[in-house]
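The values are calculated or read from the model by the stated rules, or taken from the named source; none is laboratory data. On a predicted model such as this, the values are computed, not experimentally measured, just so you know. Neighbour counts are summed over all protein chains in view; Cβ atoms, including those assigned to glycine, are modelled from backbone coordinates with ideal geometry. These accessible areas exclude ligands, DNA and RNA; they are computed on the full protein's heavy atoms, side chains included. Shrake-Rupley method; radii C 1.70, N 1.55, O 1.52, S 1.80 Å.
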Amino acid sequence: MRITRLIAGTVSAGLLGVTPLAIQAPAHADGQTYTPVVNVKLNISDSPYEAPYMAGGGFYVSGDITDPSGVEHPSGGQALLQVSTASNPTWTTIATDDSPGFLFFDGGFTFTENAQYKVVFTGSTAQGSWDDSYVAGESVAIAAPVTRKVKISNPKGTVLKGKITPGYGKSPIKVQKKVGKKWKKFRTFKTDKKGGFRFSLPAPSRGKWIWKVTVPGNKKYTAWTNAYTTYR
């Protein structure tokens with residue numbers, strides 16, 4: 001009998017920006033004052049590379065700040081990378097960039113729980129008639145759903161074995177079986193006190209069965225789900 005992994009999550013992270021409050025005609029630096037456009041991208045450095053991300057996975061943030069035409073960049077000011085998490089829903093600065101025309105925040109960041117990220121620009125005052133000024137502005141918030149860290153050893157036969165962290169001792173793992181086009185409840189297993197688990201999924205005498213294994217979510221964590229097949 002054999003068990004194989006079938007699917008994984010499929011939500012992409014994208015390049016997100018804020019629409020300026022007032023659209024002005026494209027111009028070169030000439031002493032004008034602009035509302036900035038703050039473009040931000042969440043770059044994933046550890047699998048999974050698509051949302052939802054897994055606790056402990058690394059990321060960094062990049063982007064730029066421009067005038068409404070997308071041509072010019074501020075010569076001064078400061079950009080603040082901020083986060084709002086499920087357990088602390090207050091925007092908190094976690095990094096700064098003193099050259100905000102082109103943004104790059106790489107502070108060894110890791111996902112810890114469901115969160116949102118944004119960049120706040122403090123504004124910039126023209127250094128002369130050849131320069132432009134920018135009022136303060138910010139990017140749209142980027143949602144970063146995070147699952148618990150689920151580590152599964154290479155399946156042997158129909159056995160699934162692994163560990164779920166953080167803080168998932170004596171907690172449920174829900175298993176559903178695909179019947180026709182619907183998922184029907186099969187059984188709920190529980191982890192041990194350290195979050196470890198080991199259980200078998202039955203296999204048919206002919207053909208294959210498809211299973212959905214789910215670690216339920218809560219306020220801090222998004223549900224983790226993967227599907228597997230068993231066969232003889």
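Just to be sure before I move on: is Thr90 open to solvent by 60 Å² or more (accessible area, probe 1.4 Å) and closer than 15 Å to Ala141 by Cβ in the structure I sent? In short, yes. Taken over the stretch 30-51, the criterion of being surrounded by fewer than 19 Cβ atoms within 10 Å (Cβ to Cβ) and of a type in the set (Phe, Trp, Tyr) is satisfied by Tyr49 alone. Screening the stretch 190-232 for residues that are buried (at least 20 other Cβ atoms within 10 Å of the Cβ) and at pLDDT below 95 and picking the one that is nearest to Val146 (Cα to Cα) gives Tyr228.
Out of the stretch 166-187, which residues are over 14 Å from Asn226 (Cα atoms) and open to solvent by 50 Å² or more (accessible area, probe 1.4 Å)? First the steps, then the outcome.
Step one: of the stretch 166-187, the residues over 14 Å from Asn226 (Cα atoms) are 166-172, 179-182, 184-187.
Within the stretch 166-187, Pro166, Gly167, Lys170, Val179, Gly180, Lys181, Lys182, Lys184, Lys185, Phe186, Arg187 qualify.
Selection of the stretch 90-111 for residues being in a loop (DSSP other than H, G, I, E, B), touching a strand residue (DSSP E or B) at 6+ places or on another chain (Cβ under 7 Å) and not small (Gly, Ala, Ser) yields Thr90, Trp91, Pro100, Phe111.
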